[in-house]
Amino acid sequence: MTSFADLSDYLKPFPDHTQLPEANGTFVKNFQEHPQSILLTDSITPILQQRHPDGYYCIGQDSGIYWRETDPPEKGAEAPNWFYVPNVPPLLDGTVRRSYVLWREFIAPMIALEFASGDSSEERDKTPWTGKFWVYEQIIHPSFYGIYEVKKASVEVYQLIGGQYQLVPPNSRGHYPINPLGVELGIWQGAYQNLNLPWLRWWDAEGNLLLTGEEREKQVRQQLEQERQRNERLAAQLRAMGIEPDA
């Protein structure tokens, strides 16, 4: 007969984010990955703050999403390069998240992005229980899954429809609409953090590039400078007419 003591191992509560590894010991693949994640987060933050005035959302960057218990534990996690989860607190009991644990919170990410520095076969692997594509589609269930191929400077976006990922067609601007957020995802060529490269970026639904905080500040400075120059030209014209402009 099985005793209560024999069952104790089965009755243990599932671990939370403080009890699971936050790293698997692998290196970031190249020097673009971290700036790319920061660029995505920085530029979409005003949209998310407007969407979540209570601050209830979290963004993961190369952070683990735990979806099953394994030995070792990190084998039961995927770590998208970038993902966004709505309607969850940014901190847990005042503690910074070490990972995102599905069996503790149950809310799927709205979007998960993988930056493929290789041939993208890993990101497209549909092997049950081990392939990334299969795990995202069948277990983690992000509403949108994007594969950014760094070497090709291209991105593919899939939307979860009826339990399966369907390829999202690009719009007339060559962008991929993420309709629940009112944004589009696409490739932008330009300089960011001293690297002139094709970058994965957001646009609004009208096709306006979502700017980083630094870009927004630069835009304001340029507008102020243009206004100052206009005022100086107007003042010079008035003086040429014998009219002293107001101070």
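The values are calculated or read from the model by the stated rules, or taken from the named source; none is laboratory data. These numbers come from a predicted model, not from an experiment. Virtual Cβ from ideal backbone geometry, glycine too; neighbours counted across all protein chains shown.
Restricting attention to region 39-58 and to residues that are assigned to a helix (DSSP H, G or I) and touching a strand residue (DSSP E or B) at 6+ places or on another chain (Cβ under 8 Å), the residue that is surrounded by the most Cβ atoms within 10 Å (Cβ to Cβ) turns out to be LEU40.
Residues of region 153-172 that are in a strand (DSSP E or B) and loosely packed, with under 12 Cβ neighbours inside 10 Å: ILE161, GLN164, GLN166, LEU167. Screening region 1-27 for residues that are part of a loop (DSSP other than H, G, I, E, B) and among the charged types (D, E, K, R) and picking the one that is modelled with the highest pLDDT gives ASP16.
If the condition is being farther than 13 Å from ARG68 by Cα and either of a type in the set (A, V, I, L, M, F, W, C) or touching a residue at least 12 places away in the same chain (Cβ under 8 Å) (or both), then region 124-140 contributes ARG124, LYS132, PHE133, TRP134, GLU137. Reported count of residues in region 107-146, each being within 24 Å of THR41 (Cα to Cα), hydrophobic (A, V, I, L, M, F, W, C) and touching a Lys or Arg at 6+ places or on another chain (Cβ under 6 Å), is 1.
Filtering region 28-72 to residues that are of a type in the set (A, V, I, L, M) and either more than 20 Å from TRP203 (Cα to Cα) or at pLDDT below 95 (or both) leaves VAL28, ILE65. Here the strands (runs of 3 or more DSSP E) wholly within region 173-247 that include at least 2 residues being under 39 Å from the mean Cα position of the chain (by Cα) and either over 29 Å from GLN49 (Cα atoms) or small (Gly, Ala, Ser) (or both) are 183-192. Could you grab the pairs with beta carbons closer than 7 Å, sequence gap of 6+ or different chains, first residue in region 48-60 and more than 14 Å from ARG97 (Cβ to Cβ), second one of a type in the set (Phe, Trp, Tyr)? As it stands, the answer is LEU48/TYR57, since those pairs meet every condition given.
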